[in-house]
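Student: The structure is given below, and queries will be raised subsequently.
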Amino acid sequence: MAGLLHDVGKPIVAAVLLEVERSLTEVYQRNWIDSGQWLEVIAKVHRTVGVALGERWQLPPQITASIRDCGEYDRANREALVNAVCFGNALAKKAGVFAGAFDAGENDALVMIGRSVIGVSDEILRTLSQGLRERTAGLYA
C-alpha cells in the first residue's frame with residue numbers, strides 16, 4: 001500500500017493546477033504557466049499534499065511516513081517501510097518504469113545506498129530488476 005500511495009499527492013496537485021489553468025485560460029485567453037513549471041510545482045508540493053491526505057484518511061503512520069520520506073532511506077532502521085518504497089521507486093526509475101524527469105546519477109546512488117541499507121545482494125538485485133519494464137508493460141501506458 002505504501003508503494004502505491006507514496007506519490008498520491010501528484011495527481012491531486014495536478015488536478016488543482018489543471019483547474020486553475022482552465023479557469024485562467026477562460027478569463028485571460030492564455031496559458032498560466034508552462035509545462036516545465038507545472039511539473040516543478042507538482043514535484044515541490046506533492047509530498048506535503050500526500051501526507052495531509054494520509055493523515056486525513058488516518059492511514060497507518062508507517063504509510064504516511066513513506067509518503068513524506070520517500071527519497072531518503074531510514075538508515076537507523078533497516079526494516080523501515082520507507083526503505084522498501086524508496087528502493088522500489090529507484091529500481092522502477094532505473095528500469096524506465098516512471099513518468100517524468102529524474103537525475104540518473106542521483107537515482108543510481110539511491111539504488112546503491114538502498115542495496116547497502118537493506119542488504120540486497122547482486123543476485124537479488126538481478127532478480128528484482130531483470131525484465132521489470134517488460135513485466136509492467138501496459139500497466140502504466
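Student: For Lys94, Lys44, give the ranking by accessible area with the largest first, probe 1.4 Å.
Tutor: Values: Lys94 120, Lys44 145 Å².
So, going from the largest accessible area down, we get Lys44, Lys94.
Student: Calculate, in nm to one decimal, what Gln130 and Val41 gain on full extension: separation in residues at 0.36 nm each, minus their alpha carbon distance.
Tutor: Details: separation 89, 0.36 × 89 = 32.04 nm, distance 3.33 nm.
The span from Gln130 to Val41 would gain 28.7 nm if fully extended.
Student: How large is the dipole of the chain about the Cα centre if only Lys and Arg carry +1 and Asp and Glu carry -1, each at its Cβ, rounded to the nearest 20 debye?
Tutor: Numbers: 15 positive and 17 negative charges, 37 e Å.
My answer is approximately 180 debye.
Student: Which distance in Å, rounded to a whole number, links the C-alpha centroids of segment 79-95 and segment 1-71?
Tutor: If we compute the Cα centre of each part, the gap is 20 Å.
Student: Note the angle between two axes, namely the Cα long axis of helix 81-94 and the longest principal axis of the Cα atoms of the chain, as a number of degrees from 0 to 90, rounded to the nearest 10.
Tutor: 80 degrees
Student: Still on this structure, I have one more. Rounded to the nearest 500, what is the chain's calculated 222 nm mean residue ellipticity when only DSSP H runs of at least 4 contribute -39500 (n - 2.57) each, over all residues?
Tutor: Numbers: 8 runs with 92 residues, N = 141.
Helices in the chain give a 222 nm mean residue ellipticity of -20000 deg cm²/dmol.
Student: Separate question: Semi-axes of the equivalent ellipsoid of segment 20-97: what are they in whole Å, largest first, if each equals the square root of 5 times a C-alpha gyration tensor eigenvalue?
Tutor: Values: eigenvalues 213, 58, 15 Å².
Square roots of five times the eigenvalues give 33, 17, 9 Å.
Student: If I compute solvent accessible area with a 1.4 Å probe over the protein chains, what percent of it on segment 3-108 is carbon and sulfur?
Tutor: Details: 3830 of 6750 Å².
That fraction is 57 percent.
Student: From the C-alpha coordinates alone, can you work out the Kirkwood hydrodynamic radius of the chain, in Å?
Tutor: Numbers: mean 1/r = 0.0601 Å⁻¹.
By the Kirkwood definition, the hydrodynamic radius is 16.6 Å.
Student: Can you work out the base-10 log of I(q)/I(0) for segment 68-141 at q = 0.11 1/Å, using the Debye formula on its C-alpha atoms alone?
Tutor: -0.27
Student: Can I ask one more? Label points 7 Å out from Cα along the Cβ direction at Glu79 and Ile118: separation in nm?
Tutor: Here the modelled spin labels are 1.6 nm apart.
Student: Please go through segment 69-127 and write out the GluC sites (Glu not before Pro) that DSSP classes as loop and that have at most 10 other C-beta atoms within 10 Å. Before the final figure, lay out the partial values.
Tutor: Values: sites: Glu72, Glu79, Glu106, Glu123; in loops: Glu72, Glu79.
For GluC sites (Glu not before Pro) across segment 69-127 that sit outside H, G, I, E and B with at most 10 neighbouring Cβ atoms in 10 Å, the list reads Glu79.
Student: A further question follows. What is the calculated FRET efficiency for Glu26 to Arg56, with r their C-beta to C-beta distance and R₀ = 30 Å, to the nearest 0.05? Please report the intermediate quantities before stating the final value.
Tutor: On the way: r = 30 Å, r/R0 = 1.01.
The calculated FRET efficiency here is 0.50.
Student: Which residue, Asp108, Asp74, Asp34, has the most motion in a Gaussian network model of the chain that connects Cα atoms within less than 10 Å?
Tutor: Asp34
Student: Highest GNM mean-square fluctuation, the chain, Cα pairs closer than 10 Å: which of Gln29, Gln37, Gln58?
Tutor: Result for the chain, Cα springs under 10 Å: Gln29 fluctuates most.
Student: Here's a follow-up. With axes computed from alpha carbons, what is the tilt in degrees of helix 104-114 against the longest principal axis of the chain, rounded to the nearest 10 within 0 to 90?
Tutor: The angle comes out near 40 degrees.
The values are calculated or read from the model by the stated rules, or taken from the named source; none is laboratory data. Just so you know, these numbers come straight off a predicted model, no measurement behind them. Counting neighbours? That spans all protein chains shown, and the Cβs are built from the backbone with ideal geometry, glycine included. Calculation scope for accessible area: heavy atoms of the full protein, side chains included, ligands and nucleic acids excluded. Shrake-Rupley method; radii C 1.70, N 1.55, O 1.52, S 1.80 Å.
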